[in-house]
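Report on one structure; see the data block that follows.
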Amino acid sequence: MQQIARSVALAFDNLSRPHRVMLGSLTVLTLAVAVWRPYVYHPEASPVIKTIELEKNEIRSLLPEASEPLDQSPEAEDDTIPQDELDDKTAGEAGVHEYVVSTGDTLSSILNQYGIDMGDISQLAAVDKDLRNLKIGQQLSWTLNADGELQRLTWEMSRRETRTYDRSGTAFKLSSEMQQGEWVNNVLKGTVGSSFVSSAKDAGLTSAEISGVIKAMQWQMDFRKVKKGDQFAVLMSREMLEGKREQSRLVGVRLRSGGKDYYAIRAEDGKFYDRSGSGLAKGFMRFPTAKQFRISSNFNPRRLNPVTGRVAPHKGVDFAMPQGTPVLAVGDGEVVMAKRSGAAGYFVAIRHGRSYTTRYMHLKKLLVKPGQKVKRGDRVALSGNTGRSTGPHLHYEVWVNQQAVNPLTAKLPRTEGLTGSDRNEYLAQVREVTPQLSFN
Ligand SMILES: [Zn+2]
């Protein structure tokens with residue numbers, strides 16, 4: 001008897017707490033019944049009772065959670081309700097089965113274990129292929145019809161979207177419901193410390209929101225040049241659903257750098273303009289000279305170099321022109337290089353916004369310095385024949401996102417601005433947004 005009780009007690013370690021309590025109670029009860037009978041028929045068998053008392057203590061010592069005597073514990077009382085009766089209650093009340101997707105689950109593995117017909121499961125997967133990609137934590141619920149067939153399946157994909165599949169004959173009909181959040185405006189402001197990005201994070205902007213700000217301001221401001229002490233204010237509209245942020249939209253941004261204010265405010269078309277409704281991306285000139293010169297060599301990713309005799313990409317366009325012809329910046333930007341360098345001779349590189357760079361080579365004389373801001377049409381150099389060059393010409397390159405493109409055909413920024421009613425609407429928006437972008 002003692003042996004049996006001990007092995008039962010040891011097996012408790014592998015059981016959950018309610019099961020342990022229940023099994024403990026049952027064991028004690030069984031033993032009590034076993035003891036009670038011999039006691040009735042053999043009143044002299046007191047040693048048996050002693051043994052049982054001991055085992056009862058042993059069991060209790062293996063159940064440290066059971067602070068109260070087992071037979072009086074309210075938990076033990078709850079556990080006396082048979083489990084299948086509980087199941088019937090929840091299933092019977094609503095008639096809805098619920099399931100939370102966990103590791104390794106698939107639609108068929110889940111529904112199959114509840115006895116749903118494989119044919120119905122394939123029908124569901126045919127109606128919506130997305131059902132093949134259930135994600136952990138998503139909730140499925142379903143109801144059966146009187147014949148025990150699947151009547152309706154509901155899939156809570158996210159806080160936003162719920163899809164429902166209703167039986168229609170042998171197939172299922174899909175419907176989707178999107179939850180709309182509430183758009184809330186937030187003004188986030190701060191003063192630049194070690195970097196704009198870290199200060200913007202401190203002010204409560206997410207990485208994606210910060211990228212949006214940098215992009216909106218790219219034609220006015222190189223954020224790598226933002227200095228300690230510069231101030232910013234950002235008006236962000238965020239869609240909130242069940243207390244969580246679903247998405248956000250930049251409404252307007254103001255940056256004060258070096259005592260000067262820069263603004264970018266969103267219009268109805270989703271683009272950003274300055275406070276007067278002018279486009280922030282100033283258009284590029286197609287040619288870097290006042291008049292158009294003859295093209296002596298085209299852009300060619302696989303050109304035979306006339307000087308070296310090797311096949312090498314010609315990353316720009318050559319314009320034949322007399323030495324000393326003024327070379328113009330094709331767009332607003334900042335000079336990032338102006339120096340003499342081997343094969344390129346004297347050359348200038350200008351960065352425009354975030355993604356564009358233009359380069360001008362074989363120059364005779366530089367008219368700008370690195371770091372200098374230039375406007376579209378500014379003279380940056382005089383053309384020449386320096387470096388690896390076979391005659392007076394200008395070699396001109398356009399780079400988009402670190403990639404050389406054909407300057408004659410590339411899609412270049414165009415000057416855009418709002419006109420008419422679009423502009424009036426925008427100016428009304430500016431009047432509403434600007435006061436919110438204060439630094440106080
Ligand atoms: Zn060239």
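What follows is calculated from the coordinates using simple rules that are stated; it is not laboratory data. Since we're looking at a predicted model, the values are computed, not measured. A quick note on method: Cβ atoms are made from the backbone with ideal geometry, for glycine too, and the neighbour counts reach across all protein chains shown.
Brief remarks follow.
- Qualifying lysines (Cα of each under 26 Å from Cα of K411; at least 8 residues distant if same chain): K215, K271, K282, K291, K315, K373, K375
- Between the range 359-398 and the range 268-289, the alpha-carbon centres lie 25 Å apart.
- Prolate/oblate/rounded call for the range 188-271, Cα gyration tensor, a/c under 1.5 rounded: oblate
- For E156, E432, order by how many other beta-carbon atoms lie within 10 Å, fewest first: E432, E156
- Here the 3J(HN,Hα) profile of the range 201-214, calculated from phi with Karplus coefficients 6.51, -1.76 and 1.60 at θ = phi - 60°, is 5, 4, 6, x, 8, 7, 4, 5, 5, 5, 4, x, 5, 4 Hz, Gly and Pro shown as x.
- Cα gyration tensor category, rounded, prolate or oblate, for the range 85-178 with a/c compared to 1.5: rounded
- The range 85-178 - percent relative contact order, Cα under 8 Å, separation 6 or more: 24
- The HN-Hα couplings worked out from phi for the range 405-413 by the Karplus form 6.51 cos²θ - 1.76 cosθ + 1.60 (θ = phi - 60°) are 10, 6, x, 7, 10, 4, 6, 9, x Hz, whole numbers, x standing for Gly and Pro.
- A simple rule links phi to the HN-Hα coupling: the Karplus curve 6.51 cos²θ - 1.76 cosθ + 1.60 with θ = phi - 60°, which for the range 150-161 gives 5, 9, 8, 10, 10, 10, 8, 5, 7, 4, 7, 10 Hz, with x for Gly and Pro.
- The range 147-225 - percent relative contact order, Cα under 8 Å, separation 6 or more: 15
- For S297, distant residues with modelled amide H under 5 Å away: D318
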